[in-house]
Amino acid sequence: MGSEWGRKTLGDVIELKRGYDLPKKSRVAGSIPLVSSAGVSDFHNEAKVKGPGVVTGRYGTIGEVFYSEEDFWPLNTTLYVRDFKGNDEKFIYYFLKTIDYLQYSDKAAVPGVNRNHLHMAEVFFPEDVATQKKIAEILGTIDNKIALNRQINTTLESMAQALFKSWFVDFDPVIDNALAAGNEIPDELAARAARREALRQQTNKTTGATDAASSEEALPETGLSEQRLPPEIQQLFPDRFVLTEEMGWVPEGCEITTIGDAVETTGGGTPSTKNPDFWEGGVHPFCTPKDMSQLTSWVLMDTERHLTDDGVNKISSGQLPKGTVLMSSRAPIGYLAISDVPVSVNQGVIALLPNTVFGPLYLLNWLHANLGAIMDRANGSTFLEISKKNFRPIPFLIPSYDVAKAFNEQAKAIQQKLLLLAEETVSLTNLRDSLLPKLLSGQITIPDAEQQLAEVL
């Protein structure tokens, strides 16, 4: 084959086929992915198509394209590539992302893609498989780095959750101090205290350590390896518990208040969508629960819609500062994010403004740890919602200033890594999305694309 690009029909390049029906009652638990028009939606014990394969939506979600390295079952809402006709599978995956599927859909209330019409689409296509592989390699390198960044961010988020839970939910440092001092352990905490003592003794036996604050252990609840605290931090925690009416047993010296008294909380609203002065040409991010549902990490970098200055002024809370912690308060409750940009929010979001004592990761992890209490206060006939009025009285434990400061110092390093990786991921995504149509239309050369890739990796 030559290296030329040429005009063809999509049917010359690949053959698409409709997926296969598989009602839920007929599915058997297994490891084979079931691919719908929105992606992997379930698993089964039997495959219909050998991997690698490419799938796109026929009904429902149109325009998304999915790649499966392993064998899979494409559902009947999809089209899958039955015959690649000698072309590179991964290149075809990227190539199909450039098709305007709506041009080949019917005009029904629920549009569907017509396979025969799609086969007639005129495309500009490279015949040389080596060229295809090189383009797929460039785009795949970017996608792999994006996936790695997201994986690292997930690990960082788990670390922050584990740290918060250990200090402020399970009270591990206080348990350790109480055990070392020979103080009484409340019955409610006795089981965890026994596990920590057993792990401490096992670690000391293995390492010869005698200082409980110098060993390392793996907690069964998290599965994470957690390093015990250095002495200068361990000594910040008390060595006794006291019984409270609001929260049961808590560390001695802690104060109990409410989230509304400890932290400034606010909600938002939606300016009239009929008034173009509020929306057209807007540049200020406007966050809704939908924006938060689409995040792949805790970091909110941008939103689907934007407000003008007039639009921002129509919201009572106006524009909230960078670093604001966000929680969706309806449909559904519990999406969490830290805004990396100044942002306005709609009525489906409760915003918490960090202060000098409680930083963004402290507040976000407090929300995560208290979702059960938050849900208990939700109500609504159409959908569950927690109002600011019901949210603000939730009990909030205030540790000593030094303990909160120590947490914030450790959390700050995690947050900085989260933000850096999130920002890099946005840059990589923009690069991929700009290179994709240019490479696949021949507007830029492979060496030019490689140069741009080298500048960001």
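Which residues, counting only those in segment 391-414, are more than 30 Å from D239 (Cβ to Cβ) and under 27 Å from the mean Cα position of the chain (by Cα)?
Result: F391, R392.
Identify, please: which residue in segment 132-181 is touching a residue at least 60 places away in the same chain (Cβ under 8 Å) and not in a helix (DSSP H, G or I) and is, among those, surrounded by the fewest Cβ atoms within 10 Å (Cβ to Cβ)? Among residues in segment 132-181 that are touching a residue at least 60 places away in the same chain (Cβ under 8 Å) and not in a helix (DSSP H, G or I), the one surrounded by the fewest Cβ atoms within 10 Å (Cβ to Cβ) is V169.
Of the set (1) among the basic types (K, R); (2) touching a strand residue (DSSP E or B) at 6+ places or on another chain (Cβ under 9 Å); (3) under 21 Å from A449 (Cα atoms), all apply to K134 but (2).
Does K25 fit the bill of being assigned to a helix (DSSP H, G or I) and farther than 25 Å from L436 by Cβ? It would help to see each step written out before you state the result.
Numbers: assigned to a helix (DSSP H, G or I): yes; farther than 25 Å from L436 by Cβ: yes.
The answer is yes for K25.
Among the strands (runs of 3 or more DSSP E) confined to segment 49-129, the ones with at least 2 residues that are touching a residue at least 40 places away in the same chain (Cβ under 8 Å) and either farther than 22 Å from S31 by Cβ or of a type in the set (D, E, K, R) (or both) are located at 53-57, 78-83, 122-126.
Rundown of residues vs (1) under 20 Å from D21 (Cβ atoms); (2) out of contact with any Gly (no Cβ under 6 Å at 6 or more places or on another chain); (3) crowded, with 16+ Cβ neighbours inside 10 Å, yes/no style:
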site	(1), (2), (3)
I62	yes, yes, yes
E69	no, no, no
W73	yes, yes, yes
T77	yes, no, yes
R82	yes, yes, no
K85	no, yes, no
Y93	no, yes, yes
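Which of the following residues is surrounded by 21 or more Cβ atoms within 10 Å (Cβ to Cβ), closer than 27 Å to T155 by Cβ, in contact with a Ser or Thr (Cβ under 7 Å, 6 or more places away or on another chain) and among the hydrophobic types (A, V, I, L, M, F, W, C): V349, V403? Reasoning before the result, please.
On the way: V403 fails: in contact with a Ser or Thr (Cβ under 7 Å, 6 or more places away or on another chain).
After ruling out the rest, the residue left standing is V349.
Of the listed requirements (1) touching a His at 6+ places or on another chain (Cβ under 8 Å); (2) of a type outside the set (V, I, T); (3) surrounded by fewer than 18 Cβ atoms within 10 Å (Cβ to Cβ); (4) not in a loop (DSSP other than H, G, I, E, B), G30 misses just one: (4). Counted as qualifying within segment 276-340 are no strands (runs of 3 or more DSSP E), as none has 3 or more residues that are among the hydroxyl-bearing types (S, T, Y) and closer than 24 Å to T356 by Cα. Filtering segment 78-109 to residues that are within 26 Å of the chain's Cα centre (by Cα) and not aromatic (F, W, Y) leaves T78, K90, L96, K97, T98. Within segment 293-330, the residues that satisfy the criterion of being under 17 Å from the mean Cα position of the chain (by Cα), under 22 Å from I386 (Cα atoms) and surrounded by fewer than 18 Cβ atoms within 10 Å (Cβ to Cβ) are S293, Q294, L295.
Looking only at residues of segment 353-384 that are over 19 Å from the mean Cα position of the chain (by Cα) and not in a loop (DSSP other than H, G, I, E, B), we find that the one that is surrounded by the most Cβ atoms within 10 Å (Cβ to Cβ) is I374.
Since every read-out is calculated from the coordinates, none of them should be taken as a lab result. Just so it is clear, the model here is predicted, and its values are computed rather than measured. Don't worry about glycine lacking a Cβ; one is built from the backbone with ideal geometry, like all the others, and counts go over all protein chains shown.
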